[in-house]
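Undergrad: Structure incoming, see below.
Any read-out appearing in this document is the output of simple, stated calculations on the displayed coordinates, not a laboratory observation. Since the model is a prediction, treat every value here as computed from it, not as a measurement. Here Cβ is always computed from backbone atoms with ideal geometry, including for glycine, and neighbour counts include all displayed protein chains.
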Amino acid sequence: MNLAFPSPSVWIATVPGVALLLFALMGRRIRSALLVGFVYGAVFFLILVSWTARYLGPIPWLALALLEGLLTAVALIPVTLAYRWIPRVIRPGFVRSLMLSLVVAALWVGRELFLGNWPYGGFPWARIAYTLSNTGAARVSSWIGISGLGFVLVLLIALLVELARSGRPLRVGGLVLPAALAALLVFLPAFPTAAHGTMRIGAVQGNGPTGYFDQRAPLSVLNAQTSATESLYGKRMDLLVWPEGGLDGDPFQDPALADGLDEVAANVRAPILANAATQKGEAYFNTSFLWPATDHGALTRSDVQTHAKRHPVPFGEYVPDRAFYYALAPDLIGLIGRGYTPGADAPIVRVGQTPVGLAICFDVIYDELIAEGIGGGAQVLVFQTNNADFRGTVENLQQLGIARMRAIETGRTVVNISTVGTSQVIRPDGSTQASLHADRPGALLDDVELRTGATAGVMLGPWIEQVLLWGGLLALCVAGGLARVRRARSGA
């Protein structure tokens, strides 16, 4: 399964990855299934998110990976029960294979929703659909959402597993449904959205000292961003985008930072979509804001359009249940001195008459935030991120794959701009329009396509998730009840 995710992004590895897991869960009791599920989940996440140990050492990495492994183990128990109960109530044949595969695929989606929502807001980082972000199959997400695409993929694999374990010679009839699903993944076109002109956007990757433990002189982050922006001075643009953490502090309270933004905005003659840690009363926010290009005097937070990060990262940007965890690891928890408050403002800014949808760093993984932006009329999406704490790892490529999937799912151009890379402009079909290499400064300037209209995947995706979640659990409960009744009758 790890081979299927960036990098190396060998998507076909999902087939043996899922199939072997399903085979390993068959015929097991609860305790045995827990062990299998934990080994699978722990090994998978230990490798996939090994980048979490880059700066803070093994404790956060082990804590996250082993917790996700434990949650995976619990959430895979229903799959084991499906393989136990459904064969007891449906006779062997096509109907049993189809029903079993449908329920298993739905329960897989339920497992992803469980990990993606709990605890502390969840960690929906490793959804199986993301393995298809570089393939034509990603277009299916524009019709039925990311969870819907994951359901189709797992359904196809579960059907192939049923064919493999049936013990019967392969027949054309048994291949019709798997072939139809494969054709759907290969040939379904993207849900249509309407072209609505273009916007000329500049995006700057400053490669400054933006890591948590980076040594930095005063204004060094601003200076790095400004230096990388100079190649765009005097060129026409509608919007300049800087990444998350592209400033050293709060420009609403630091005149030097405000003056620096004023100077850059004057030179590019366009507003700047910037980001910084800002303070309001006693609360701190990870805030993106649209800094105007015109003369304005001193600005306050209320003078500009803002969006604060909706999902601050637990144990990265704040510490939940701080007293409890501080007692366990005081040195580590003590490093996180300032906690960010979740934002409540809409993930939209207007550049002239054009709504621009936003997501700050890990917020890109939360469906409801992306849908809120599209529902607010966003015609292009801008994702600002700071990957400096994970230099030299594949974290930025994993996040970039999610950004690519968002472009396809929503039918929108995505401008994904990082402090240190990899930064890209991604077209609505998922292809790369422009790119900056990691670990070097640079600037992009492109006419990006604007689009209107919400895809079916954005509108129906949440409903499809709920149908799959509760439908899979209901089918499992019915099968379990019927199996118990039959067992009682046979015993009598």
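Undergrad: For segment 175-266, what is the charge dipole size about the Cα centre, in debye to the nearest 20, if Lys and Arg each add +1 at the Cβ and Asp and Glu each add -1 at the Cβ?
TA: So the magnitude is around 580 debye.
Undergrad: Shifting gears a bit: If each residue's Cβ is checked for other Cβ atoms within 10 Å, how do Asp345, Asp262, Asp331 rank with the fewest at the top?
TA: Exposure proxy ranking, most exposed first: Asp331, Asp345, Asp262.
Undergrad: Could I have the simple spin-label model distance between Leu299 and Ala266, label points 7 Å from Cα toward Cβ, reported in nm to one decimal?
TA: If labels sit at Leu299 and Ala266, their model points lie 1.5 nm apart.
Undergrad: Let me ask something additional. With the calculation restricted to Cα positions, what are the radius of gyration and Dmax of segment 232-311 in angstrom?
TA: 12.2, 40
Undergrad: What is the set of long-range amide H partners of Glu317 at a cut-off below 5 Å, with H atoms built 1.01 Å from backbone N?
TA: When sequence neighbours closer than 5 places are left aside, there are no close amide H contacts.
Undergrad: Starting from the Kirkwood Rh over alpha-carbon pairs, what translational D in µm² s⁻¹ does segment 1-116 have by Stokes-Einstein at 25 °C and 0.890 mPa s?
TA: The estimated diffusion coefficient comes to 162 µm²/s.
Undergrad: Can you tell me the 0 to 90 degree angle between the C-alpha axis of helix 456-491 and the longest principal axis of the chain, rounded to 10?
TA: For 456-491 against the chain, the angle is about 30 degrees.
Undergrad: Counting just the Cα atoms, what span does segment 194-453 cover along each of its three principal axes? Round to the nearest Å and put the largest first.
TA: That gives 56, 39, 35 Å along the principal axes, largest extent first.
Undergrad: Classify segment 160-232 as rounded, prolate or oblate, taking a ≥ b ≥ c as the square roots of the eigenvalues of its Cα gyration tensor: rounded when a/c is under 1.5, otherwise prolate if a/b is larger than b/c and oblate if not.
TA: In terms of gyration-tensor shape, oblate.
Undergrad: Among Leu3, Gly343, Tyr83, flag the residue with its Cα farthest along the positive direction of the charge dipole of the chain, charges on Cβ as +1 for Lys/Arg and -1 for Asp/Glu.
TA: Of Leu3, Gly343, Tyr83, it is Tyr83.
Undergrad: Next up: Calculate how steeply helix 395-410 sits against the longest principal axis of the alpha-carbon atoms of the chain, using the helix alpha-carbon long axis, and give the answer as 0 to 90 degrees to the nearest 10.
TA: Taking the Cα atoms of the chain, the angle to 395-410 is about 80 degrees.
Undergrad: Work out the FRET efficiency for Ser32 and Arg487 from their Cβ-Cβ distance, taking R0 = 22 Å, and round it to the nearest 0.05.
TA: 0.65
Undergrad: Along the three principal axes, how long is segment 275-398 when you take its alpha carbons, biggest first, rounded to the nearest angstrom?
TA: If we take the Cα atoms of segment 275-398, the spans are 51, 36, 27 Å.
Undergrad: Quick one: putting +1 on the C-beta of Lys and Arg, -1 on the C-beta of Asp and Glu, what dipole do you get for segment 194-453 around its Cα centre, in Debye to the nearest 20?
TA: Result for segment 194-453 is approximately 440 debye, rounded to the nearest 20.
Undergrad: Quick one: grab the alpha carbon gyration tensor of segment 399-492, order the square roots of its eigenvalues as a ≥ b ≥ c, and give me rounded if a/c is under 1.5, else prolate or oblate depending on whether a/b is larger than b/c.
TA: prolate
Undergrad: Further, regarding this structure: Dividing the Cα radius of gyration by the Kirkwood radius, what Rg/Rh value follows for segment 100-155?
TA: Result: Rg/Rh = 0.99.
Undergrad: Right, here's the next one. With N set to the residue count of the chain, report its C-alpha Rg divided by 2.2 N^0.38 Å to two decimal places.
TA: Relative to the rule-of-thumb radius for its length, the chain sits at 1.05.
Undergrad: Say each of Gln279 and Ile59 gets a label point 7 Å from the Cα, pointing the same way as Cα to Cβ; how far apart are those two points in nm?
TA: Placing both labels 7 Å beyond Cα along the Cβ direction yields 2.7 nm.
Undergrad: Just the number, please: percent antiparallel of the DSSP beta bridges in the chain, rounded to the nearest 5.
TA: Bridges in the chain are about 65 percent antiparallel.
Undergrad: Taking only C-alpha pairs under 8 Å that are 6+ residues apart, what is the relative contact order of segment 194-453 in percent?
TA: Here the relative contact order equals 23 percent.
Undergrad: What stretch of the chain, leaving out the sites themselves, is the longest with no trypsin sites (Lys or Arg not before Pro) in a DSSP loop having at most 12 other Cβ atoms within 10 Å?
TA: Longest gap between qualifying sites, sites excluded: 339-492.
Undergrad: Round to the nearest 10 and give me the degree value, 0 to 90, for the angle of helix 30-48's Cα axis relative to the longest principal axis of the chain.
TA: The angle comes out near 30 degrees.
Undergrad: Could I ask something else about it? Please get the size of the charge dipole for the chain, origin at its Cα centre, with Cβ charges of +1 on Lys and Arg and -1 on Asp and Glu, quoted in debye to the nearest 20.
TA: Dipole about the Cα centre, nearest 20: 3120 debye.
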